[in-house]
1. Determine the sum of side-chain charges near LEU331: Lys and Arg each +1, Asp and Glu each -1, restricted to other residues whose C-beta is under 14 angstrom from that of LEU331.
2. Output the peptides 178-188, 145-155 sorted from most to least packed, where packing is the average of other Cβ atoms within 10 Å over each peptide's residues.
3. According to the Cα gyration tensor, what semi-axes, each the square root of 5 times an eigenvalue, does the equivalent ellipsoid of the stretch 624-677 have, listed from largest to smallest in whole Å?
4. Explain nothing, just the number: dipole magnitude of the chain about its Cα centre with +1 on each Lys and Arg Cβ and -1 on each Asp and Glu Cβ, in debye rounded to the nearest 20.
5. What Kirkwood Rh does the stretch 629-752 have if only Cα atoms enter the pairwise 1/r average? Answer in Å.
6. Mind listing the phi-derived Karplus ³J(HN,Hα) values for the stretch 87-99, rounded to whole Hz, using 6.51, -1.76 and 1.60 with θ = phi - 60°, and x for any glycine or proline?
7. Please report the antiparallel percentage of the DSSP beta bridges confined to the chain, to the nearest 5.
8. So what is the relative contact order of the stretch 646-797, in percent, for Cα pairs below 8 Å that sit 6 or more residues apart?
Amino acid sequence: MSDDDVKKEFKKKAQASPEKFYPVKTLTELGFKRKLCKCGQYFWTTKNALHCGEPACSGGLSFINNTPAKNKLSYVQVWKEFSSIHKKLGYTPIKRYPVVARWNPTVDFTIASIAAFQPFVVSGEVEPPANPLVIPQFCLRFGDIDNVGVTGHFCGFVMMGQHAFVSPEKYDINKYLKDHLTWLNQGMGLSNDDLTIHEDAWAGGGNYGPCVEFFSRGLEVSNQVYMQYEVPNKELKIKVLDMGQGHERAAWFTQAKPSIYECVFPKTLEKLRNATKEAYDEEFMNKFVPLSSYLKVEEGVDLEKEYKDVAKKLGMNLEEFRAKVQKIAALYAVAEHSRVLLIALRDGALPSNVGGMYNLRVILRRALSFIDKYKWNIDLCDVVEWHSEELKELFPELSENLDTTRKILEVEKLKYEQNKEKTAKLIEKYAGKELTNDQLIELYDSHGVDPRDLNVKVPENFYALIAQKHEQKEQATQTERNEKIDFPQLPATKALYFEDWKKIECKSKVLSVIDNNVVLDQTVFYPVSGGQMQDQGTINHLKVLDVFKQGTLIIHKVEGDIKKDQEVTCKVDLERRKQLTQHHTSTHIVNAAARTVLGPHINQASAKKDVDKAYLDVTHYQAITDDELKQIEQEANKLVNKKIEVIKTFMPRNEAEKTHGVRIYQGGVAPGKTLRIVDIKGVEAEACGGTHLNNTSEAELIKLVKTTKVKDGVVRIFFLAGNAAKKLVQEKENLEKELSSETGVPIKQVPARLEELFEVWKNARKAIKKGQKLESYELKSKQDYSGDVISKCGEVLSTQPEHLIKTIQKFKKEIEEFKK
């Protein structure tokens, strides 16, 4: 069954027995009576109300300039009052989680306050940070991009969450309702007489339960979900209170201004209006906003007809009305989108052309296109800073690292400008042609062509279609084997490699053997996982060909015959283990060093650690320069030389998050209630199951080899550590000696000498083709080169370092032959 089907079926069941499923006890105690609206909706009211309060039944939004809320609250005051009242009621206020949901393996962004605690807290695997709690959770949703600025929708909003996670016997929906009404009564100043409370149901992610919705004067002010059941009909072991109230709506309802945006970021809007010289038309907004919901972009709505109807009701010419609404909406969208970008970039997101992060680029370019269209003198970087000032009291962390945010926005703006130049020919080619939605999306996705520039019919929900396409979260590359072997039910293999990377021997008992695949009761062999390649060695002197995980079992593929119940001796190849371990700990070191050099947005996207090479993929908005790579290497080796202790501990997930934050999730989310935290003391702490050094000094030496772009927003850093790095250094020194000898100049002068040699070789080839004689030549350049000599030599001769000597010898030989 779909979530909608589950919801409909349960709602019917719950409304047939409201005393069993809804907080009827509290409602009746407070004088609410149950009624049935003409639309079929059951609701509770203290008055003789004839309708449920939905806009369609009540005649629209009637609170504007006429709110029943006695307390007029600014945006920041809303949270202060909400948290203060709930604290007195026994709830602990906690800080927001990042909008980048690193702890959740299935989504890119935090989409609701409850999402901060999914999947592990809601499932009961780990304890919540407090219980019960309230949280001002900033959330991102991109399904209403096209409506932002027109209908009061947001891509980014704060959901004030009221949450509890308790056993069935302690779950008390009557108390939860009473607590929420305390906030509405005392905090917002709403009397119960001004509320209608709907009976409804909620379903999602395999769970469901009853919910109640709070309406006043046409606006849904808030709702409470009582998540209690699991599909098909099973009671949850941990029942959840999920109350989510839009922070923005609470400010709007109490201030009762026509536009919600004026209540959320008034100071930023004032600065935008000063910069654009766009005046606020209060008279128009008072008339338009109550009708604005008719212009919502959604499936099945004839928007052209709705625009005509609303224009007629306002007594305006259609084109004049449309132009006015679109310009107002554009300014609001610039303000709203820039606030989203501030918070998302601060929390480690990067605009990209893949996955959910693409939606950040969509709203960024949408904002820039509005600025272009109306020729506004606005810099998005300034708007972002205005937001950080306005939100400082609520989210002080947004004022940190603004330089990095500005750099990212400047890079994105440059890409936008460059893209406009590239797309000019495509616009000329497709302008005025009939194109399908898929073709328009492809032109936007692959080439950045804004369909509005094509003079063609564009779907009203165009940006929502783009968002849907990029909703699925990209997963980091894994090294796990796909092979599945049908072992009987066995106890989990005890992994001994966690204790100390130098532990390479153990006695074990064989639990099961299928073909040459062996499961032991315990093992020192590390299986391929988390980007680290497997150990090699022997079991009873038989060669171990492969080691991999299958669920809780570690499987050894052995060359030879081993019997079930046999006692065996395991021995790991120490040199291989050491090199793999050096590469793994160095991955953490390089990650930390890159963050120091490039900025706080750096996170691991993926990694691979083998014996002869290793790489780390990091999130970064542009290519890493040679100078930056050199700085990262220097910073990494500083950490090596500081001899920092590497502490490895198993911790409950909630304790690990509380101690180190959600940045522990680098390159993926480790499963389970307990996490192994690898903490390079005071530098970098990550949840990681790999083999690790005991001290950074054991990495010995780290050499960064090169970088390359993996995809938009991700850069790969190739590096070596330990003996592999020393070997590289020795090879480089040997090559430099050969280059110096082959060219007859000191190593710093080799690049300039090779440029001369290459020029002579080219001239010689041209002379031969023309039948001319090659004149005598003399190589005399003594110019020093300050950068990486070998890289420069490869660039000059268009060849790889390993081919440099042969290429030089070939050129010299051919030049001599041309002379003859």
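The values are calculated or read from the model by the stated rules, or taken from the named source; none is laboratory data. What you see is a predicted model; the values in this text were computed from it and never measured. We place every Cβ from the backbone using ideal geometry, glycine too, and count neighbours over all the protein chains shown. Areas reflect the complete protein model, heavy atoms only, side chains present, ligands, DNA and RNA absent. Shrake-Rupley method; radii C 1.70, N 1.55, O 1.52, S 1.80 Å.
1. For residues surrounding LEU331, the net value is +3.
2. With the highest mean Cβ count within 10 Å placed first, the list reads 145-155, 178-188.
3. Equivalent-ellipsoid dimensions as semi-axes: 29, 15, 8 Å.
4. 540
5. 17.3
6. 4, 5, 8, x, 9, 9, x, 10, 6, 5, 8, x, 6
7. Here the antiparallel bridges make up roughly 95 percent for the chain.
8. Relative contact order comes out at 15 percent.
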